[in-house]
Structures are given as C-alpha cells and as structure tokens.
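Peer 1: Quick one: this structure, given as structure tokens, is what I'll be asking you about.
Read the figures in this text as sums done on the coordinates, not as results from a lab. Remember, predicted model here, so these are calculated numbers, not experimental data. Here the Cβ positions follow ideal geometry from the backbone for every residue, glycine too, while neighbour counts run over all protein chains shown.
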Amino acid sequence: MVPHTVFRAVIMGPPGSGKGTVSARITATFGLKHLSSGDLLRANIKAKTELGLLMKSCIDQGHLVPDGVMSRLILSDLRGLGRTSWLLDGFPRTVAQAEALDKLYSVDSVVNLDVPFQTIKQRLTSRWIHLASGRVYNIDFNPPKVAGLDDVTGEPLVQRDDDTPETVTLRLKAYQTKTEPVLEYYRSKGVLETFSGTETNKIWPHLRAFLDKKLLAPREGVA
Ligand code: AMP
C-alpha cells in the first residue's frame with residue numbers, strides 16, 4: 001500500500017535493535033523512501049569522500065558524528081526527495097538533530113523499537129563477517145562450520161570495526177545519553193509509538209498493524 005498523502009516517519013531504537021530489517025519491511029510494504037544515516041556515512045567511507053575519511057575514526061570508535069555535519073548531510077538528501085513519503089533511520093539521534101529536522105518538516109510518526117540492551121549486546125558482538133563476500137554469521141544462531149572461518153572460502157572472518165564488545169558498549173552509552181532524550185522530545189509532541197520485544201518477527205505484526213491504521217487515517221494539514 002502506497003500512502004496517497006505525504007507520510008513522514010522516523011524509526012528509532014538502539015543499534016542492533018533491528019531497525020534495518022524493520023525499515024526494509026516498512027519500505028517494501030508501504031512504499032516509503034528509506035534514508036539511513038549509517039548507510040549514508042558508510043557509503044561515504046567506501047567512496048573515500050573527504051567527509052567519509054574524516055568521519056571514519058569517529059564511527060569506528062563508537063562516537064556520534066557532529067550534529068552540524070550529520071544534519072546537513074541528511075537534510076540535503078531529504079530536500080532532494082521533494083514531496084515524497086519517507087522513513088528516516090538512524091536520524092535524528094540527538095535533540096539538536098530533531099530540532100534541525102523540525103525546522104523543515106513535521107514528522108507524522110516515530111516508531112521506537114524497544115529491545116533490551118542485553119539482547120542487543122549479544123546480537124552485535126556475536127556477528128562475524130566474511131569481508132570479501134559480505135557473508136554474515138552469528139555465533140549463536142548461524143555459526144560457521146569451522147569456528148572463525150568462512151564456509152565457502154575457508155578465509156578468516158572478521159568483526160565490523162564498530163561491533164567489538166568495547167565499541168558496542170560505547171555505542172549503547174551514546175544511545176542512552178544522547179538519543180533517549182529524543183524519545184522524550186517526540187513523546188511530548190504526541191507522535192511516539194513504542195514496540196517492545198526481543199525478536200523482530202514478533203514485533204513486526206504489531207508495527208505493521210499500527211502503520212496500516214495510521215496511513216489510512218486522515219491527517220490534518222496534509223494534502
Ligand atoms: P548505524 O548504522 O545507524 O548504527 O550508524 C553507525 C555509526 O554512524 C554510528 O555509531 C555513529 O557513529 C554514526 N551515525 C549514524 N547516524 C548518526 C547520527 N544521526 N548522528 C551522529 N552519528 C551518526
């Protein structure tokens with residue numbers, strides 16, 4: 001179902017809460033454009049742009065990219081989308097970013113994935129990848145046949161630079177101190193909807209039902 005009015009949504013949740021998977025389902029089901037700040041930054045790093053090179057160490061250390069840089073990057077992409085329905089993923093991550101977004105657009109819905117930190121830590125730190133192919137393993141539920149080696153090539157597996165236990169802890173801390181206040185910001189505006197659970201497949205039907213309703217309901221001030 002593609003909304004016939006412009007619908008602007010934000011998905012929030014700690015790193016590893018399943019935002020990427022859920023975003024893909026939302027965009028496939030409801031036809032919103034997906035814009036992920038993490039993907040945008042990683043694309044810059046891969047393309048070795050000046051900004052990507054500058055931001056890489058920040059990201060690898062689990063720190064947030066400065067608000068001004070991040071807001072400029074995302075808001076210029078949003079402008080390029082024109083009057084399109086979109087889903088923002090990974091932005092805003094601070095109240096300053098939320099305020100910058102608010103100056104240009106009003107957000108219709110903020111969906112918040114509330115997944116316990118313990119579940120997330122386990123998920124992220126047990127994720128190993130084969131760099132050349134992008135194959136992803138999880139020591140707990142999708143382990144390689146031989147520990148530490150890719151099933152197909154036998155080459156060593158590595159962890160994402162920011163998936164090590166130390167960096168995951170820092171990323172979760174940044175989430176608590178910088179991003180949780182954003183939830184409060186949207187709660188006070190009456191647009192926050194929280195979905196709690198430990199499994200994406202169990203959260204998804206509730207979220208889908210919520211968006212079904214939301215996208216069918218007439219909204220004020222939109223044509
Ligand atoms: P993600 O893939 O969303 O977990 O983002 C990976 C990393 O990119 C984060 O740990 C931050 O260093 C950086 N990043 C992504 N989005 C933002 C944002 N909105 N503000 C600041 N830093 C960000």
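Peer 1: Taking the DSSP beta bridges in the chain as the whole, what percent of them are antiparallel, to the nearest 5?
Peer 2: 30
Peer 1: What percent does the relative contact order of the chain come to when contacts are Cα pairs within less than 8 Å and at least six residues apart? Can you show the working numbers first?
Peer 2: On the way: 296 pairs, mean separation 64.0, N = 223.
Rounded, it is 29 percent for the chain.
Peer 1: What is the dipole size for the chain, taken about its Cα centre, with +1 at each Lys and Arg Cβ and -1 at each Asp and Glu Cβ, in debye to the nearest 20?
Peer 2: For this selection, approximately 440 debye.
Peer 1: Also, quick follow-up: Could you give the Stokes-Einstein D for the stretch 117-176 in µm² per second, using the C-alpha Kirkwood radius, 37 °C, 0.692 mPa s? Don't skip to the end; give the middle numbers.
Peer 2: Numbers: Rh = 12.0 Å.
Reported coefficient: 273 µm²/s.
Peer 1: Can you tell me which of 156, 165, 181 moves the most in a GNM of the chain? Springs connect C-alpha atoms under 10 Å apart.
Peer 2: Ranking 156, 165, 181 by mean-square fluctuation puts 156 first.
Peer 1: When the chain is fully extended, how far beyond the present Cα-Cα distance does residue 177 get from residue 5, taking 0.36 nm per residue of separation?
Peer 2: Values: separation 172, 0.36 × 172 = 61.92 nm, distance 3.49 nm.
Length gained, residue 177 through residue 5: 58.4 nm.
Peer 1: If you don't mind, another one. Kindly state, as a whole number, the per residue volume in cubic angstrom of the convex hull around the alpha carbon atoms of the stretch 2-59.
Peer 2: Taking only Cα atoms, the stretch 2-59 has a hull volume of 103 Å³ per residue.
Peer 1: Taking the Cβ-Cβ separation of residue 201 and residue 84 as r and a Förster radius of 41 Å, what is the calculated FRET efficiency to the nearest 0.05?
Peer 2: That gives a FRET efficiency of 0.90.
Peer 1: Between residue 69 and residue 118, how high is the FRET efficiency from 1/(1 + (r/R0)^6) when r is the Cβ-Cβ distance and R₀ = 30 Å? Nearest 0.05.
Peer 2: Details: r = 32 Å, r/R0 = 1.06.
Efficiency computed from Cβ-Cβ geometry: 0.40.
Peer 1: Now for a separate question. Any idea what diffusion coefficient the stretch 1-121 gets from Stokes-Einstein, in µm²/s, Kirkwood Rh on alpha carbon pairs, 4 °C, 1.567 mPa s?
Peer 2: In µm²/s, the coefficient is 86.
Peer 1: Within a 10 angstrom radius of the beta carbon, how do 93, 83 rank from fewest other beta carbons to most? Provide the component values of the computation, followed by the final result.
Peer 2: Working: 93 20, 83 8.
Exposure proxy ranking, most exposed first: 83, 93.
Peer 1: Please give the per residue volume of the convex hull enclosing the alpha carbon atoms of the stretch 87-223, rounded to a whole number of Å³.
Peer 2: That works out to 155 Å³ per residue.
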